[in-house]
1. Suppose each label sits 7 Å from its Cα in the direction of the beta carbon; what would the Ala7-Glu57 distance come out to in nanometres?
2. On the accessible surface of the range 1-137, probed at 1.4 Å, how many percent belong to carbon and sulfur atoms?
3. Under the definition of Cα pairs under 8 Å and six or more residues apart, what whole-number percent is the relative contact order of the range 49-139?
4. Across every pair of different alpha-carbon atoms, what Kirkwood hydrodynamic radius in Å does the range 34-98 reach?
5. Which value results when the Cα radius of gyration for the chain is divided by 2.2 N^0.38 Å?
6. Could you rank Thr101, Thr67, Thr44 by how accessible they are, 1.4 Å probe, largest area first?
7. So for Lys73, Lys96, Lys26, what's the accessible-area order with a 1.4 Å probe, most first?
8. For Asp48, Asp68, give the ranking by accessible area with the largest first, probe 1.4 Å.
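The values are calculated or read from the model by the stated rules, or taken from the named source; none is laboratory data. The structure presented is a predicted model; accordingly, all values stated were derived computationally and were not measured. Don't worry about glycine lacking a Cβ; one is built from the backbone with ideal geometry, like all the others, and counts go over all protein chains shown. These accessible areas exclude ligands, DNA and RNA; they are computed on the full protein's heavy atoms, side chains included. Shrake-Rupley method; radii C 1.70, N 1.55, O 1.52, S 1.80 Å.
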Amino acid sequence: GLPVVPADARRSLACARRVLTLSREKVLPDRPVLDCADHLVELTVLADEFLARQLAERALAPLAPLTDRQRTKLAETLLVWLSARGGAPEVAARLKVHPQTVRYRVNQLDELFGDRMHDAGERFTLELALRAHYLLDRA
């Protein structure tokens, strides 16, 4: 659990139990000891799995009509693009593809998501949705 004041011990225990469940479901690593403090993002994103699934489904709806292969490549590119500070060369290095491939995929994403790709709030929503999607997909 998390180190807390005694009054919050129940909440810390709940976090520890949730981390154990997520580990058993293969969302988190299967290790003998896991520190809840190392998994606060996962705990927060998956605090309500129903809402996390709804967010991922709605935010990523533009990818739904694509083939599985296209959807996987574009979702992966989008997540790296959203989290990278650099341009196509940095994204390409992380994905181990050519920068021109990244530019092509980002153009496709621009067509699918439009202005959402350039709005800070929407970018946050997309990144959160992608992270929820990948966490839930592990289970």
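1. Going by the 7 Å Cα→Cβ label model, 3.9 nm.
2. Roughly 54 percent, rounded to a whole number.
3. Worked out over the range 49-139, it gives 41 percent.
4. 13.9
5. That works out to 1.21 for the chain.
6. Heavy-atom accessible area, descending, gives Thr44, Thr67, Thr101.
7. Listed by decreasing accessible area, they come as Lys96, Lys26, Lys73.
8. Accessible-area ranking of Asp48, Asp68, largest first: Asp68, Asp48.
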